[in-house]
1. Tell me which strands (runs of 3 or more DSSP E) are completely within segment 63-170 and hold 3 or more residues being over 27 Å from residue 22 (Cα atoms), or say none if there are none.
2. Over 16 Å from the mean Cα position of the chain (by Cα), in the same structural domain as residue 180 (by TED's automatic domain parsing) and assigned to a strand (DSSP E or B): does that describe residue 34?
3. Scanning segment 1-49 for residues that are in contact (Cβ under 8 Å) with a residue 60 or more places away in the chain and out of contact with any strand residue (DSSP E or B) (no Cβ under 9 Å at 6 or more places or on another chain), which turns out surrounded by the most Cβ atoms within 10 Å (Cβ to Cβ)?
4. So, of the residues in segment 139-186 that are touching a helix residue (DSSP H, G or I) at 6+ places or on another chain (Cβ under 8 Å) and closer than 19 Å to residue 204 by Cα, which turns out to be surrounded by the fewest Cβ atoms within 10 Å (Cβ to Cβ)?
5. Just to check your reading of the model, which residue among 95, 74 is surrounded by fewer than 19 Cβ atoms within 10 Å (Cβ to Cβ) and under 25 Å from residue 135 (Cα atoms)?
6. Is it true that residue 44 is out of contact with any helix residue (DSSP H, G or I) (no Cβ under 7 Å at 6 or more places or on another chain), in the same structural domain as residue 89 (by TED's automatic domain parsing) and over 21 Å from residue 176 (Cβ atoms)?
7. With within 26 Å of residue 116 (Cα to Cα) and under 27 Å from the mean Cα position of the chain (by Cα) as the only criterion, which of 47, 16 stands out?
8. Please indicate, with yes or no, whether at least one residue in segment 2-18 is in a loop (DSSP other than H, G, I, E, B) and on the phi > 0 side of the Ramachandran plot.
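The values are calculated or read from the model by the stated rules, or taken from the named source; none is laboratory data. Note that the structure is a prediction, hence the values are computed from the model and not measured. Backbone-built Cβ (ideal geometry, glycine too); neighbour counts: all protein chains shown.
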(Lines give C-alpha, C1' and ligand atoms only; values in the text may rest on other atoms or scores of the structure.)
Protein backbone atom coordinates (compact mmCIF):
# COMPACT_ATOMS: atom_id res chain seq x y z
CA UNK A 1 0.00 0.00 0.00
CA UNK A 2 1.51 3.29 -1.11
CA UNK A 3 -1.45 5.67 -0.80
CA UNK A 4 -4.56 5.71 1.36
CA UNK A 5 -7.25 8.28 2.09
CA UNK A 6 -9.48 8.56 5.14
CA UNK A 7 -12.28 11.09 5.68
CA UNK A 8 -9.66 13.43 7.17
CA UNK A 9 -6.25 12.56 5.73
CA UNK A 10 -4.38 11.57 2.60
CA UNK A 11 -1.31 9.46 3.40
CA UNK A 12 1.59 8.34 1.22
CA UNK A 13 4.03 5.58 2.20
CA UNK A 14 7.58 5.20 0.85
CA UNK A 15 9.41 1.84 0.81
CA UNK A 16 13.05 0.89 0.27
CA UNK A 17 14.40 -1.77 -2.11
CA UNK A 18 13.74 -4.46 0.52
CA UNK A 19 10.08 -3.53 0.70
CA UNK A 20 10.35 -1.98 4.17
CA UNK A 21 8.50 1.24 4.90
CA UNK A 22 10.98 4.09 5.36
CA UNK A 23 8.78 7.20 5.25
CA UNK A 24 5.22 8.41 5.74
CA UNK A 25 3.78 11.71 4.47
CA UNK A 26 0.45 13.00 5.80
CA UNK A 27 -1.75 15.61 4.13
CA UNK A 28 -4.09 16.33 7.04
CA UNK A 29 -6.63 18.40 5.09
CA UNK A 30 -6.25 16.96 1.57
CA UNK A 31 -5.14 20.25 0.05
CA UNK A 32 -2.16 18.69 -1.72
CA UNK A 33 0.41 19.92 0.82
CA UNK A 34 2.28 17.57 3.17
CA UNK A 35 1.59 18.65 6.76
CA UNK A 36 3.65 16.02 8.58
CA UNK A 37 6.37 13.56 7.61
CA UNK A 38 7.90 10.63 9.46
CA UNK A 39 11.08 8.73 8.61
CA UNK A 40 12.15 5.32 9.93
CA UNK A 41 15.68 3.96 10.40
CA UNK A 42 16.13 0.18 10.72
CA UNK A 43 18.78 -1.79 12.58
CA UNK A 44 21.26 -4.26 11.06
CA UNK A 45 19.29 -7.34 12.16
CA UNK A 46 15.68 -8.04 11.30
CA UNK A 47 13.00 -5.51 10.46
CA UNK A 48 12.85 -3.58 13.72
CA UNK A 49 12.96 0.21 13.65
CA UNK A 50 15.60 1.78 15.87
CA UNK A 51 14.97 5.48 15.24
CA UNK A 52 11.95 7.63 14.34
CA UNK A 53 12.38 11.07 12.82
CA UNK A 54 9.51 13.57 12.47
CA UNK A 55 9.12 16.70 10.38
CA UNK A 56 6.21 18.19 12.30
CA UNK A 57 5.23 20.79 9.70
CA UNK A 58 5.89 18.83 6.53
CA UNK A 59 6.50 21.13 3.58
CA UNK A 60 6.10 24.27 5.68
CA UNK A 61 8.79 26.51 7.18
CA UNK A 62 11.41 24.20 8.70
CA UNK A 63 11.44 21.28 6.23
CA UNK A 64 13.73 19.37 8.58
CA UNK A 65 13.18 16.19 10.58
CA UNK A 66 14.15 15.74 14.22
CA UNK A 67 14.69 12.54 16.17
CA UNK A 68 11.46 11.69 18.00
CA UNK A 69 11.89 8.12 19.35
CA UNK A 70 14.57 5.55 20.01
CA UNK A 71 13.79 1.85 20.47
CA UNK A 72 15.62 -1.02 22.17
CA UNK A 73 14.80 -4.54 20.93
CA UNK A 74 15.74 -8.00 22.13
CA UNK A 75 17.94 -9.28 19.26
CA UNK A 76 17.36 -12.92 20.26
CA UNK A 77 13.57 -12.77 20.08
CA UNK A 78 10.92 -12.01 17.51
CA UNK A 79 9.58 -8.46 17.83
CA UNK A 80 10.18 -8.08 21.55
CA UNK A 81 10.39 -4.39 22.39
CA UNK A 82 12.35 -3.75 25.58
CA UNK A 83 12.12 0.02 25.89
CA UNK A 84 11.08 3.16 24.06
CA UNK A 85 12.60 6.59 24.59
CA UNK A 86 10.51 9.62 23.69
CA UNK A 87 12.86 12.35 22.48
CA UNK A 88 12.52 16.09 23.00
CA UNK A 89 15.56 17.57 21.28
CA UNK A 90 14.92 21.07 22.66
CA UNK A 91 15.30 19.91 26.28
CA UNK A 92 17.77 17.03 25.83
CA UNK A 93 20.32 18.88 23.68
CA UNK A 94 21.37 21.18 26.49
CA UNK A 95 24.46 22.48 24.69
CA UNK A 96 22.76 23.01 21.32
CA UNK A 97 25.53 20.96 19.71
CA UNK A 98 23.40 18.27 18.11
CA UNK A 99 24.20 15.78 20.90
CA UNK A 100 21.54 14.64 23.38
CA UNK A 101 23.16 15.16 26.76
CA UNK A 102 20.01 14.27 28.71
CA UNK A 103 17.90 11.11 28.64
CA UNK A 104 14.37 11.41 27.33
CA UNK A 105 11.19 9.90 28.72
CA UNK A 106 11.76 6.14 28.79
CA UNK A 107 8.78 3.79 28.71
CA UNK A 108 8.90 0.05 29.30
CA UNK A 109 6.29 -2.19 27.63
CA UNK A 110 4.94 -5.18 29.54
CA UNK A 111 4.20 -7.63 26.77
CA UNK A 112 1.98 -10.69 26.81
CA UNK A 113 2.64 -14.02 25.07
CA UNK A 114 1.78 -12.43 21.69
CA UNK A 115 4.24 -9.58 22.36
CA UNK A 116 1.27 -7.21 22.46
CA UNK A 117 2.18 -4.20 24.57
CA UNK A 118 -0.92 -3.37 26.55
CA UNK A 119 0.73 -1.98 29.69
CA UNK A 120 3.49 0.63 29.76
CA UNK A 121 5.58 1.46 32.82
CA UNK A 122 7.69 4.52 33.62
CA UNK A 123 10.28 5.24 36.28
CA UNK A 124 9.87 8.28 38.55
CA UNK A 125 13.29 9.44 39.72
CA UNK A 126 11.72 11.73 42.31
CA UNK A 127 9.91 8.97 44.19
CA UNK A 128 12.30 6.23 43.02
CA UNK A 129 9.35 4.10 41.92
CA UNK A 130 8.22 2.46 38.70
CA UNK A 131 4.53 2.23 37.91
CA UNK A 132 2.18 1.50 35.02
CA UNK A 133 1.15 4.81 33.50
CA UNK A 134 -0.71 3.62 30.40
CA UNK A 135 -3.01 0.69 29.72
CA UNK A 136 -4.20 0.06 26.17
CA UNK A 137 -7.26 -2.15 25.73
CA UNK A 138 -6.68 -4.42 22.72
CA UNK A 139 -8.90 -7.33 21.73
CA UNK A 140 -7.76 -10.70 20.36
CA UNK A 141 -7.58 -9.47 16.78
CA UNK A 142 -5.88 -6.15 17.49
CA UNK A 143 -8.79 -3.71 17.70
CA UNK A 144 -7.99 -0.89 20.10
CA UNK A 145 -10.62 0.47 22.49
CA UNK A 146 -9.56 4.06 23.12
CA UNK A 147 -12.48 4.77 25.45
CA UNK A 148 -11.55 1.97 27.86
CA UNK A 149 -7.79 2.65 27.66
CA UNK A 150 -6.04 4.77 30.28
CA UNK A 151 -3.07 7.13 30.28
CA UNK A 152 -1.91 7.99 26.79
CA UNK A 153 -3.93 5.23 25.16
CA UNK A 154 -2.73 4.20 21.71
CA UNK A 155 -0.69 7.41 21.47
CA UNK A 156 1.85 5.87 23.86
CA UNK A 157 3.63 4.05 21.02
CA UNK A 158 3.32 2.78 17.48
CA UNK A 159 4.13 -0.74 18.80
CA UNK A 160 1.00 -2.20 20.35
CA UNK A 161 -0.67 -5.34 18.97
CA UNK A 162 1.95 -8.11 18.55
CA UNK A 163 4.57 -5.32 18.57
CA UNK A 164 3.72 -4.39 14.99
CA UNK A 165 3.37 -0.79 13.84
CA UNK A 166 -0.06 0.70 14.44
CA UNK A 167 -1.39 3.50 12.24
CA UNK A 168 -3.95 5.58 14.10
CA UNK A 169 -5.16 7.38 10.98
CA UNK A 170 -6.24 4.16 9.27
CA UNK A 171 -6.56 1.71 12.22
CA UNK A 172 -4.29 -0.66 10.28
CA UNK A 173 -1.20 -2.56 11.48
CA UNK A 174 1.95 -2.77 9.34
CA UNK A 175 3.41 -6.30 9.16
CA UNK A 176 6.36 -5.66 6.81
CA UNK A 177 5.05 -7.62 3.84
CA UNK A 178 1.41 -6.57 4.20
CA UNK A 179 -1.04 -4.36 6.06
CA UNK A 180 -3.46 -5.96 8.50
CA UNK A 181 -7.04 -4.79 9.26
CA UNK A 182 -8.12 -5.93 12.75
CA UNK A 183 -11.74 -4.98 12.10
CA UNK A 184 -12.13 -7.96 9.78
CA UNK A 185 -9.22 -10.10 11.03
CA UNK A 186 -7.58 -10.16 7.60
CA UNK A 187 -4.70 -8.69 5.66
CA UNK A 188 -5.76 -6.21 3.00
CA UNK A 189 -3.72 -8.05 0.34
CA UNK A 190 -2.87 -11.65 -0.45
CA UNK A 191 0.17 -13.43 0.98
CA UNK A 192 3.25 -12.68 -1.18
CA UNK A 193 4.44 -16.27 -0.79
CA UNK A 194 1.06 -17.62 -1.85
CA UNK A 195 0.05 -21.05 -0.63
CA UNK A 196 3.53 -21.84 0.75
CA UNK A 197 2.34 -20.56 4.13
CA UNK A 198 -0.07 -23.50 4.27
CA UNK A 199 -3.32 -21.53 4.30
CA UNK A 200 -5.79 -21.80 1.43
CA UNK A 201 -7.15 -18.40 2.47
CA UNK A 202 -4.43 -15.98 1.35
CA UNK A 203 -5.69 -13.01 3.39
CA UNK A 204 -6.68 -14.73 6.65
CA UNK A 205 -4.68 -13.81 9.75
CA UNK A 206 -2.84 -16.80 11.37
CA UNK A 207 -5.55 -19.37 10.53
CA UNK A 208 -7.90 -17.39 12.85
CA UNK A 209 -5.74 -18.57 15.78
CA UNK A 210 -4.94 -15.03 16.89
CA UNK A 211 -4.85 -15.96 20.59
CA UNK A 212 -1.94 -18.42 20.20
CA UNK A 213 -0.13 -17.44 16.99
CA UNK A 214 1.65 -14.47 15.43
CA UNK A 215 2.81 -13.44 11.96
CA UNK A 216 5.82 -11.14 12.41
CA UNK A 217 6.48 -10.52 8.71
CA UNK A 218 3.02 -10.88 7.22
CA UNK A 219 4.07 -14.10 5.49
CA UNK A 220 3.27 -17.11 7.66
CA UNK A 221 1.97 -18.13 11.06
CA UNK A 222 4.39 -18.78 13.92
CA UNK A 223 3.54 -20.12 17.37
CA UNK A 224 3.37 -17.37 19.98
CA UNK A 225 5.42 -17.45 23.15
CA UNK A 226 8.56 -16.04 24.76
CA UNK A 227 10.77 -18.92 23.61
CA UNK A 228 10.30 -18.30 19.88
CA UNK A 229 13.77 -17.30 18.68
CA UNK A 230 14.76 -15.25 15.67
CA UNK A 231 17.14 -17.98 14.47
CA UNK A 232 14.57 -20.50 13.33
CA UNK A 233 11.03 -21.01 12.15
CA UNK A 234 8.23 -23.38 12.90
CA UNK A 235 6.71 -24.95 9.81
CA UNK A 236 3.27 -26.55 9.68
CA UNK A 237 4.53 -29.01 7.12
CA UNK A 238 2.40 -31.88 8.45
CA UNK A 239 -1.12 -32.24 9.72
CA UNK A 240 -2.36 -33.99 12.84
CA UNK A 241 -4.72 -36.97 12.36
CA UNK A 242 -7.72 -34.69 12.93
CA UNK A 243 -6.58 -32.42 10.10
CA UNK A 244 -5.43 -29.52 12.26
CA UNK A 245 -1.91 -28.12 11.85
CA UNK A 246 0.50 -29.31 14.50
CA UNK A 247 0.94 -25.82 15.95
CA UNK A 248 -2.71 -25.95 16.98
CA UNK A 249 -1.62 -28.33 19.73
CA UNK A 250 2.07 -27.63 20.07
CA UNK A 251 3.66 -25.29 22.57
CA UNK A 252 7.23 -24.46 21.52
CA UNK A 253 10.26 -25.41 19.48
CA UNK A 254 13.73 -24.95 20.93
CA UNK A 255 16.15 -23.09 18.75
CA UNK A 256 19.88 -23.53 19.30
CA UNK A 257 23.11 -22.17 17.98
CA UNK A 258 25.20 -24.17 15.54
CA UNK A 259 28.13 -24.62 17.92
CA UNK A 260 25.89 -26.33 20.49
CA UNK A 261 25.64 -29.36 18.22
CA UNK A 262 29.32 -30.20 18.79
CA UNK A 263 29.39 -33.31 21.00
CA UNK A 264 32.73 -32.24 22.45
CA UNK A 265 31.33 -29.12 24.10
CA UNK A 266 29.85 -29.12 27.62
CA UNK A 267 26.54 -27.88 26.23
CA UNK A 268 26.42 -30.64 23.61
CA UNK A 269 27.17 -33.30 26.22
CA UNK A 270 24.58 -31.84 28.55
CA UNK A 271 21.89 -31.92 25.85
CA UNK A 272 22.73 -35.57 25.24
CA UNK A 273 22.31 -36.35 28.94
CA UNK A 274 18.91 -34.65 28.88
CA UNK A 275 17.85 -36.96 26.08
CA UNK A 276 17.70 -34.44 23.26
CA UNK A 277 17.98 -35.72 19.71
CA UNK A 278 19.69 -32.83 18.02
CA UNK A 279 18.58 -32.37 14.46
CA UNK A 280 20.88 -31.12 11.69
CA UNK A 281 22.56 -27.90 12.82
CA UNK A 282 21.45 -26.15 9.63
CA UNK A 283 17.89 -26.31 10.97
CA UNK A 284 19.02 -24.85 14.30
CA UNK A 285 16.50 -27.05 16.07
CA UNK A 286 16.94 -29.54 18.91
CA UNK A 287 14.09 -31.90 19.73
CA UNK A 288 13.27 -34.32 22.55
CA UNK A 289 14.45 -37.87 22.08
CA UNK A 290 10.98 -39.32 22.59
CA UNK A 291 7.63 -39.15 20.82
CA UNK A 292 5.00 -36.67 21.92
CA UNK A 293 1.50 -38.07 22.19
CA UNK A 294 -1.64 -35.95 22.27
CA UNK A 295 -5.09 -37.45 22.96
CA UNK A 296 -3.87 -40.86 21.87
CA UNK A 297 -2.41 -39.66 18.58
CA UNK A 298 1.22 -40.46 17.96
CA UNK A 299 2.48 -37.30 16.30
CA UNK A 300 6.05 -38.46 16.05
CA UNK A 301 9.20 -36.86 17.29
CA UNK A 302 9.38 -33.57 15.39
CA UNK A 303 6.31 -31.70 16.63
CA UNK A 304 6.08 -31.88 20.41
CA UNK A 305 4.01 -30.64 23.30
CA UNK A 306 6.55 -29.67 25.92
CA UNK A 307 7.18 -32.83 27.94
CA UNK A 308 10.45 -31.31 29.13
CA UNK A 309 12.03 -28.08 30.26
CA UNK A 310 11.02 -24.93 28.45
CA UNK A 311 13.79 -23.26 26.49
CA UNK A 312 14.39 -20.56 29.10
CA UNK A 313 14.44 -23.09 31.94
CA UNK A 314 16.97 -25.10 29.95
CA UNK A 315 19.17 -22.02 29.40
CA UNK A 316 19.04 -21.15 33.10
CA UNK A 317 19.83 -24.71 34.19
CA UNK A 318 22.81 -25.02 31.85
CA UNK A 319 24.16 -21.74 33.21
CA UNK A 320 24.04 -23.09 36.76
CA UNK A 321 26.04 -26.26 36.08
CA UNK A 322 28.52 -25.20 33.40
CA UNK A 323 30.84 -22.31 32.75
CA UNK A 324 29.38 -21.87 29.27
CA UNK A 325 27.22 -18.78 28.89
CA UNK A 326 24.53 -19.24 26.26
CA UNK A 327 23.98 -15.55 25.66
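1. Working: elements: 66-73, 81-86, 105-111, 117-124, 129-138, 144-150, 165-167.
Passing ranges, in order: 117-124, 129-138, 144-150.
2. On the way: over 16 Å from the mean Cα position of the chain (by Cα): yes; in the same structural domain as residue 180 (by TED's automatic domain parsing): yes; assigned to a strand (DSSP E or B): no.
No, not satisfied.
3. 47
4. From segment 139-186, those touching a helix residue (DSSP H, G or I) at 6+ places or on another chain (Cβ under 8 Å) are 142, 144, 146, 160, 166, 168, 173, 182, 185; that's our starting set.
Next, from what is left, pick out any that are closer than 19 Å to residue 204 by Cα: 142, 166, 173, 182, 185.
Values: 142: 23, 166: 24, 173: 25, 182: 20, 185: 17.
Only one residue tops the list, namely 185.
5. Among 95, 74, only 74 is surrounded by fewer than 19 Cβ atoms within 10 Å (Cβ to Cβ) and under 25 Å from residue 135 (Cα atoms).
6. On the way: out of contact with any helix residue (DSSP H, G or I) (no Cβ under 7 Å at 6 or more places or on another chain): yes; in the same structural domain as residue 89 (by TED's automatic domain parsing): yes; over 21 Å from residue 176 (Cβ atoms): no.
Here the answer is no, as residue 44 does not meet what is asked.
7. Numbers: 16 fails: within 26 Å of residue 116 (Cα to Cα).
The match here is 47.
8. Pass one, segment 2-18, residues in a loop (DSSP other than H, G, I, E, B): 2, 6-9, 16-18.
After this cut, where a residue has to be on the phi > 0 side of the Ramachandran plot as well, the list is none.
No, that holds for no residue.
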